[in-house]
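All remarks here apply to the structure that follows.
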Amino acid sequence: MDTPKYKRVVLKLSGEALAGEQGFGIHPTVIQSVARQVKEIVELGVEVAIVVGGGNIWRGKIGSQMGMDRATADYMGMLATVMNAMALQDSLEQSDVETRVQTSIDMRQVAEPYIRRRAIRHLEKGRVVIFAAGTGNPFFSTDTTAALRAAEIEADVILMAKNNVDGVYSADPKLDKDAVKYEELSYLDVIKDGLAVMDSTASSLCMDNDIPLIVFSIMEEGNIKRAVLGETIGTIVRGKI
């Protein structure tokens, strides 16, 4: 049996990753693939928490273009993440993976409130925990949520699954054919060079708490398992290199 390198992980899924090539909403094939891949690592004994974004349903930028209040736009984004979390929970449970959704905004009819000790207990019992509604505060991204929750639950690593890129590049590889892919970076490099990995708040949180980050493509089946097993995949970002 394969031996995982990491015991407890936070999987960061963007909303766009769930949309697949259609670019909006939830693509059934993609969410089913994610569920299968998560089940694979749960069966290895890995404790899995998931932070999901909401960009496939609502983006704050759209609100800004409409002249909407920033806080209102961000709260709408948080609600979008709850919809994605519920869809992901359903897909995981169809694959016989016991799952709990915890939200930072109280909505007890559909999910548990986020309670750190309860989340850790679920993980210890082998349940997948999906953290939704961001941090519960406007002006913070779901990248920051992933970094914050990873620190709180003492995760070994953050797995950042992307749908449009297979690692961190010096520039956008779709726009610049000379863009170079990095195999390893430090958080200081990410912040200093302004690399589009995660926002500076999230990067600082990861750096301060010494949480490694692996950026890879979700579109290739089996990549989550490869990352958990410690195979060289995508780009790894550490506190120091």
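The values are calculated or read from the model by the stated rules, or taken from the named source; none is laboratory data. What you are looking at is a predicted structure, and each value in this text was computed from that prediction instead of being measured. Ideal geometry is used to build each Cβ from the backbone, glycine not excepted, and the neighbour counts take in all protein chains shown.
Looking only at the stretch 87-138, which residues are in contact with a Leu (Cβ under 7 Å, 6 or more places away or on another chain) and closer than 21 Å to R59 by Cα? Correct list: I130, T135. Take the conditions (1) closer than 20 Å to R8 by Cα; (2) crowded, with 19+ Cβ neighbours inside 10 Å; (3) in contact with a helix residue (DSSP H, G or I) (Cβ under 8 Å, 6 or more places away or on another chain); Q89 misses just one of them, which is (3).
Checked against the criterion of being surrounded by fewer than 16 Cβ atoms within 10 Å (Cβ to Cβ) and part of a helix (DSSP H, G or I), the candidates K192, K240 yield just one match: K192.
Just one of the listed residues (A161, A202) is closer than 13 Å to V51 by Cβ and in contact with a Leu (Cβ under 7 Å, 6 or more places away or on another chain), namely A161.
For residues that are out of contact with any strand residue (DSSP E or B) (no Cβ under 9 Å at 6 or more places or on another chain) and either β-branched (V, I, T) or part of a loop (DSSP other than H, G, I, E, B) (or both), scanning just the stretch 195-209, find the one that is nearest to A227 (Cα to Cα). Result: N209.
Table: residues versus (1) modelled with pLDDT under 95; (2) under 29 Å from D2 (Cβ atoms); (3) among the charged types (D, E, K, R); (4) touching a Leu at 6+ places or on another chain (Cβ under 8 Å).
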{"position": "R149", "(1), (2), (3), (4)": "no, yes, yes, no"}
{"position": "V180", "(1), (2), (3), (4)": "yes, no, no, no"}
{"position": "D193", "(1), (2), (3), (4)": "yes, no, yes, no"}
{"position": "P212", "(1), (2), (3), (4)": "no, yes, no, no"}
{"position": "V228", "(1), (2), (3), (4)": "no, yes, no, yes"}
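The single condition from (1) at negative phi; (2) surrounded by 22 or more Cβ atoms within 10 Å (Cβ to Cβ) that G134 fails is (1). In the stretch 14-81, counting only helices (runs of 4 or more DSSP H) that sit wholly within it, the ones holding 3 or more residues that are in contact (Cβ under 8 Å) with a residue 40 or more places away in the chain and surrounded by 19 or more Cβ atoms within 10 Å (Cβ to Cβ) span 15-19, 28-42. Just one of the numbered conditions (1) assigned to a helix (DSSP H, G or I); (2) closer than 18 Å to A49 by Cα; (3) not polar (S, T, N, Q) is not true of F216: (1). Taking residues in the stretch 140-166 that are under 26 Å from Q22 (Cα atoms) and free of Cβ contacts under 8 Å to residues at least 24 places away in the same chain, and partners anywhere that are of a type in the set (D, E) and part of a helix (DSSP H, G or I), not one pair has Cβ atoms closer than 9 Å while being at least 6 places apart or on different chains.
Report whether or not A151 is touching a Lys or Arg at 6+ places or on another chain (Cβ under 6 Å) and either assigned to a helix (DSSP H, G or I) or of a type in the set (G, A, S) (or both). So A151 fails the test.
Taking the listed residues L185, L123, L175, the one that is over 20 Å from G55 (Cα atoms) and assigned to a helix (DSSP H, G or I) is L123, with no other qualifying. Look at I153 and say whether it is under 22 Å from S104 (Cα atoms), among the β-branched types (V, I, T) and more than 11 Å from the chain's Cα centre (by Cα). The answer is yes for I153.
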